[in-house]
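A short worksheet on the structure shown next.
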Amino acid sequence: MADSHVDWFENIGLAQRTEVGGKGGSLGELVRAGHPVPPGFVVRTGAFERHIEALERQAPLRGAVERLDPDDLDALRIACGALRERVESAPLPPEVELEVLAAHAQLCSQGVATVAVRSSATTEDAVDASFAGLQDTYLWVRGAREVLHKVRSCWASLYSVDSVSYRLRKQFPEREVAMAVVVQAMVDARTAGVMFTRSPTSGDRSVITIEGAWGLGSAVVSGEVTPDRWVLGKITGEITRRDISPKLIRHVPGDSGVEEQPVPQDMRSQPSLNDEELQALRNVGRAVERHYGCPQDIEWAVDKAGRIQLLQSRPETVWASKQAVPVARAADNPLHHVMTIFGGKR
Amino acid sequence: MSNSAGFPLPSSLKVVPGTEQAQAAYPYYTQFAPEDDQRFWFYNSMHFPEPMSAFDMVTAEAAYCALGAANTRVHCLPTTLGIDHRIINGRVYIGGNAVTDPAQIASRTAEFNQRAMYYYANWEKLYTQWKQKMLQLIKDARALPTPVLPELEPLEHVRAGRGVASNHYLLDTYQRTLEGYFRMWHHHFEFLLLGYGAYMTLFAFCKKAFPEISDQTVSRMVAGIDAEIFRPDEELRRLARCAVELGVDGHFREGVSAQDVIRSLEGAGAAGRSWLEELDKSREPWFNVNVGDGFYHYHRAWNDDLSLPFAGLPGYVRRVRAGERIERPLDKLQEGGRQLIADYRELLSSDEERAAYDQIITLAHRVFPYVEGHKFYCEHWYTNLFFNKIREFGALLAQNGFFASADDVFQLTHYELEAAIIDLMSAWSNGSAPRGPAHWPQRVAERRAAIAQWAKHETPPALGPVPEVIDDPAIVMLWGITRESLDEWLKAGTGADSNEIRGFAASSGVVEGPARLVRSVQEISKLQPGDILVCQVTNPTWTPVFQKIAAAVSDIGGSMSHAAIVAREFGLPAVVGTGSATTRIRDGQRIRVDGGRGIVTLLG
């Protein structure tokens, strides 16, 4: 499928990052490592380039961006609005459209009715972290036409005011801007949230922090609900903290995408995960971390049948970027380690 | 917390009215003096949770003499000397002597390097030697004769030309008994601080590398699987299996006393006799464990009071009958420990750290058999022999009218006891009446009454000004006292009306159930399946009852105590070292034990 514009998760990995983006590559890695991931495919960056190229033929696009002044907000707003509109409304190159439709039809034939359409950027991790937030994700997308539309919407989000001014300030060459798009079966989550395979507060690598709330993960990620929070020993499984929050709302699938809904009274103060599920998540988190060789920041969901699904995994960046001083170094005479206790703190 | 914050001064702590005579019985050097107001003291509730009788105070004295000698003059710990103790209202307060002068620390470090480091370098050899010394000491203690005064010196002594009469041997035996006890404590501390130090080194490393690691996880990395202290319980499991194999298991029923079980087995033919022979095999030496920590004369050994081990037998028998394998899965436990070490190793951030971890773990493993094993020989086996020998003197003195019962002897200090023995020796030799019977009964009554009074009065957890920092490794290691824990204590004094009791998280899990207060071994039989044990000290010798309880809560004990380890093996939630569980929880009250967080919640 080397020339094609679409790749299934099971055929890709982070090695193809430049063509499938960080999110797509990482989902591929997870699938290939045997983890539960909702099925899906990636629209490769080549498709985006075709689309932009077609637009360039009508009128300059990349050059138009590079000429903008990041400090002239009014001009920026007007220009970006127009660019976004162009990217979003132009039909997909026909060969891309055919492939996306075929792949989507195949997903539907597996019983998938709704999908998430998510941006998958190709930039490096450090940039990714702040960049990714500027790009769009569409949940609960129904029907082939709508999928095609949302793929263009993801691409168009590269031309938002924030995204463009970010690139201009970083003097990021427009030639290198590319985006892959993930199309993935939507999980009708009973509970969803995030998991860090280290402590976000102390950086401790021996614990796993899990945050979760009722419904779709978007409520947690957007901060609209204070999630329940647990801290587990990564190795021991011991649950050392259980902070159960009153969860007043949840995100649920509705007729037109995601809807906010009040949580039934009796569920509000109930923990959104039971101990068995916490342990299962811990095992998954540990395995994913081992696969990547470094602590991870994982998005997960538990479906109505209680099955865990992974929606994303990326390296933890905050603590990883701190220069770690070794706790201790090997001593010529191993006995001298005891001086940390007996030698006094002076 | 401001620097002016502090605990009451020793001089403001008053002797409970009406107990002044009993207080005066304790030696002059243990009474608080005005200059003691300048120093920080804390109540050693970990070792001495109840008011101490006049005789039992010998343990504090012997232990601190030996601990101080090892720290100050034998190994020369750089930043600490020994520990002073004071007694008021039967409570033992202790204060450390830190070394803060940099020049002195430097010179002591040089000494430490050639003394303590020699011990670390030759640990295995010295520890093997230590065990032989302890076994010899135990043998010597067992060889001490029972004190008796015959009406006339036996004729064979005359014919053998012994020349020394029986009354002299009373004093001789007493002095040798006391001498052996003081000597034993030197051996107890010969390795202890060094052993804890190596363990604390691992602890400090792990806390730095993994800030949120629990104390129990670190202790699991080093806990021995086959330490001596597990043996008594293992013997019980063996005996339960024997009972089933011999077909005498029907004799072990809940609520039947040890005496009645033994009597029924004696009448149960060859099989019954075989089981009793097996019991005898287990009893020496493994039933020489006492039901406390060895610091009170009334913490009797299994061998002296079979009610505790026999309380555990019916449960084990039932499980054997049900086809369960009740022997501890040693291979699995060992493999679990190895895996734990390897798993944490993998999480370290560099090979450099891993190399240091390997060195530190190796050292901790080398020293840990001593840290775990010494208690069996010292606090249990030897201490039982010691208190039982003193009890024999009590019996002799009681026969001669000094006391109403043998146990009254423990109301005398060890000096007073020597005086009473000399009184009796003199009277025997002179053919006159001893003075003791007119002297002691009133004092014994007075002191017993005083202890009862003292037990009703709460005593402050600490006295005197709070030090800026607590950097004394002995205090931190043995008592877990840090500046932070003192601040907690100060806060606790300001309002303790919450329904939560905090302690060390010893074994995780959350359980709700009825609390059963067990104040002494005699009350063990109150425990029903599903009860939450609430007691002052959880002790490894209580292991057999852990099979029927739902959780355990104690006033004293650390997260690396054997009780915590046993609770983890049974998978029971446990909170230890709460300080106040037995005073704040009512018998039968519903409580929730969260062993992972170290919190007990009072529900009803």
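Laboratory data are not the source of any read-out in this text; all were calculated from the coordinates shown. Everything quoted here is computed from the prediction, not taken from an experiment. For neighbour counting, all protein chains shown are included, and Cβ atoms are generated from backbone atoms with ideal geometry for every residue, glycine included.
Data for the structure
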quantity	calculated
Likely footprinting exposure, B:Val534, A:Val325, B:Val148, fewest C-beta neighbours within 10 Å first	A:Val325, B:Val148, B:Val534
Peptides ranked, highest mean first, by Cβ atoms within 10 Å: ranges A:90-102, B:324-336	A:90-102, B:324-336
Relative frequency of Cα-Cα separations exceeding 19 Å in the range B:1-134, percent	62
Compactness of the protein assembly as shown - radius of gyration and Dmax, Cα, Å	36.1, 133
Translational D in µm²/s for the range A:6-185 (Stokes-Einstein at 25 °C, 0.890 mPa s, Kirkwood Rh from C-alpha pairs)	149
Debye-sum result for chain A in log10 I(q)/I(0), which assumes one identical scatterer on each alpha carbon, at q = 0.07, 0.08, 0.10 Å⁻¹	-0.34, -0.44, -0.67
Stokes-Einstein D (µm²/s) once Rh is taken as the Kirkwood radius of the range B:499-602 over alpha-carbon pairs, at 37 °C in 0.692 mPa s	261
Which of A:Arg290, B:Arg176 has the fewest Cβ neighbours within 10 Å, and the rest in rising order	A:Arg290, B:Arg176
Per-residue mean of C-beta atoms belonging to partner chains within 10 Å, peptide B:108-115	2
Alpha-carbon centroids, the range B:10-46 and the range B:52-110: separation in whole Å	17
Cα coordinate range in the range B:230-327, projected on the principal axes (Å, largest first)	39, 29, 24
Residue mean of other protein chain beta carbons inside 10 Å, B:88-99	0
A:Asp74, B:Asp140 arranged by Cβ crowding within 10 Å, fewest neighbours leading	A:Asp74, B:Asp140
Cα convex hull of chain B - mean projected area over all directions, nm²	31.4
Kirkwood Rh in Å, taken over the range B:293-374 so that all alpha-carbon pairs contribute	17.1
In Hz, Karplus ³J(HN,Hα) per residue of the range B:17-29 (6.51, -1.76, 1.60; θ = phi - 60°; x = Gly, Pro)	x, x, 10, 4, 5, 5, 4, 5, 5, 5, x, 4, 6
Cα coordinate range in the range A:224-333, projected on the principal axes (Å, largest first)	66, 28, 25
Theoretical ellipticity at 222 nm over chain B - DSSP helices of four or more residues, -39500 (n - 2.57) apiece, nearest 500	-16500 deg cm²/dmol
Peptides ranked, highest mean first, by Cβ atoms within 10 Å: ranges A:80-86, A:57-63	A:80-86, A:57-63
Listed pairs B:Lys139/B:Lys389; B:Lys131/B:Lys207; B:Lys133/B:Lys389 exceeding 25 Å between Cα atoms	B:Lys131/B:Lys207
Between helix A:144-156 and chain A: long-axis angle, C-alpha atoms, 0 to 90°, nearest 10	80
Length released on extending from B:Tyr298 to B:Leu152, taking residue separation times 0.36 nm less the Cα-Cα span	49.1 nm
Test item: A:199-206 mean partner chain Cβ contacts at 10 Å	5
Reachable aspartates and glutamates, given that their alpha-carbon falls under 14 Å from the alpha-carbon of A:Lys322 and they are not under 8 places away in the same chain	A:Asp204
